Amino acid sequence: MNDRGGANGPVGSWCGSQGAAQDGDVANCEETIHRLYFFLDGELTEDRRSAISKHLDHCGDCLDAVDFEAELRRVIADRCRDRVPEQLRDRIATALRNEQEQRA
Ligand SMILES: [Zn+2]
């Protein structure tokens with residue numbers, strides 16, 4: 001007879017110890033690039049933000065990517081804020097759509 005088939009055996013070493021690097025305090029390149037937009041938008045939890053910040057401290061590649069994206073946004077935001085109000089952008093988008101429909 002064998003009565004050791006239950007769930008009470010001494011298992012459990014498989015849960016938690018492997019592949020858990022993402023839960024640490026330093027993010028990897030993949031995660032950093034993946035969450036770049038959320039990072040810049042401030043839409044991450046404090047934990048993730050600091051994990052990514054720490055990664056950027058020692059990874060020039062990701063830092064470049066974040067810098068570039070941040071700079072790009074700054075320029076776009078700067079130019080758009082004064083000159084292209086939301087309403088105007090809507091009208092342009094509508095006009096373009098109308099034109100496309102007329103051509104079709
Ligand atoms: Zn990296």
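Every read-out reported here was derived from the displayed coordinates using simple, explicitly stated rules and does not represent laboratory data. Since we're looking at a predicted model, the values are computed, not measured. Quick reminder, even Gly has a Cβ in these numbers, built from the backbone with ideal geometry, and neighbours come from all protein chains shown.
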- Query: Restricting region 42-59 to residues that are within 16 Å of Glu30 (Cβ to Cβ) and surrounded by 10 or more Cβ atoms within 10 Å (Cβ to Cβ), which is nearest to the ligand (Cβ to nearest atom)?
  - Reply: Cys59
- Take region 60-90 and flag every residue that is acidic (Asp, Glu) and either within 13 Å of the ligand (Cβ to nearest atom) or surrounded by 12 or more Cβ atoms within 10 Å (Cβ to Cβ) (or both). Asp61, Asp64, Asp67, Glu69
